[in-house]
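First comes the structure, then the notes that go with it.
Computed from the coordinates by the stated procedures, all read-outs in this text should not be read as laboratory data. Please read all numbers here as calculations on a predicted model, not as lab measurements. Quick reminder, even Gly has a Cβ in these numbers, built from the backbone with ideal geometry, and neighbours come from all protein chains shown.
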Amino acid sequence: MCGFRKYVALLLVLAGLALTVAGCSGSGSIGGSSGGGTTTYANDKYGFTLTHDKQFSEGKPVESASAGGSSVFDVVFADKQGTVISDRYVDAIQVSVYELAREVTPTEVPKLKAEVQGVVDQLLAQATSSASSAEVVQPLQKVTVNGVPGFSFTYTYAEGGTALTAVTYFLFKGKYEYEITAQTTSDKWEALKGKLEGAVQSFTAK
């Protein structure tokens, strides 16, 4: 079941989620939600929505922070008042969209675990050979977010001497894979965990 898309050179957050808030992308629409303190981002082209706390502002990843060379779309929601490492905001949620070679049915998704695990192993090997000292907090596991199946894993790593904690979801719907990463510095993980994971769990795909 491999070959839906190439994971070669997939950087994800272990190379630094490296986010810069550079204004609205213009690719989606923003509207208030019933939560009062949240905003819902809707992207009609790629068929997804994500509701996040207003603490996070929409922007674009810097080029080096793309979740992979084959992503067709990337958007980030970062805390402009949060931690900055090398002039980049690191308290953030990023969504990257990949177009698959063909549509994937829900029953096929579990068969992709070995391929996704290969991505995780590649990231960890890359980190082990660098100074990022990545460690898995929760290994890859099957998940379903609002009916969209996939996998997730939680991990820690270091960038610029700062420890960060992150969770990445690989979700599959039709011809797209949605990769969602939420991260913050490890010392703020418990404080921001609810907002970060709440955003991920709000994700919907048509």
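Computed quantities for the displayed model
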{"read-out": "Summed residue charge, Cβ within 11 Å of Ile93's Cβ, Lys/Arg positive, Asp/Glu negative", "value": "-4"}
{"read-out": "Thr144-Asp121 pseudo-label distance in nm [points 7 Å out on the Cα-to-Cβ vector]", "value": "2.8 nm"}
{"read-out": "For the range 77-130 versus the range 36-54, the gap between their alpha-carbon centres in whole angstrom", "value": "19 Å"}
{"read-out": "Simple label model, 7 Å out from Cα along Cβ direction - Thr162 to Lys80, nm", "value": "1.7 nm"}
{"read-out": "Label-point separation in nm, Ala191 to Lys175, each point 7 Å along Cα→Cβ", "value": "4.5 nm"}
{"read-out": "Qualifying lysines (Cα of each under 24 Å from Cα of Lys175; at least 8 residues distant if same chain)", "value": "Lys6, Lys45, Lys60, Lys111, Lys113, Lys142, Lys206"}
{"read-out": "Cβ-Cβ FRET estimate between Glu135 and Ala114, R0 fixed at 22 Å, reported to 0.05", "value": "0.50"}
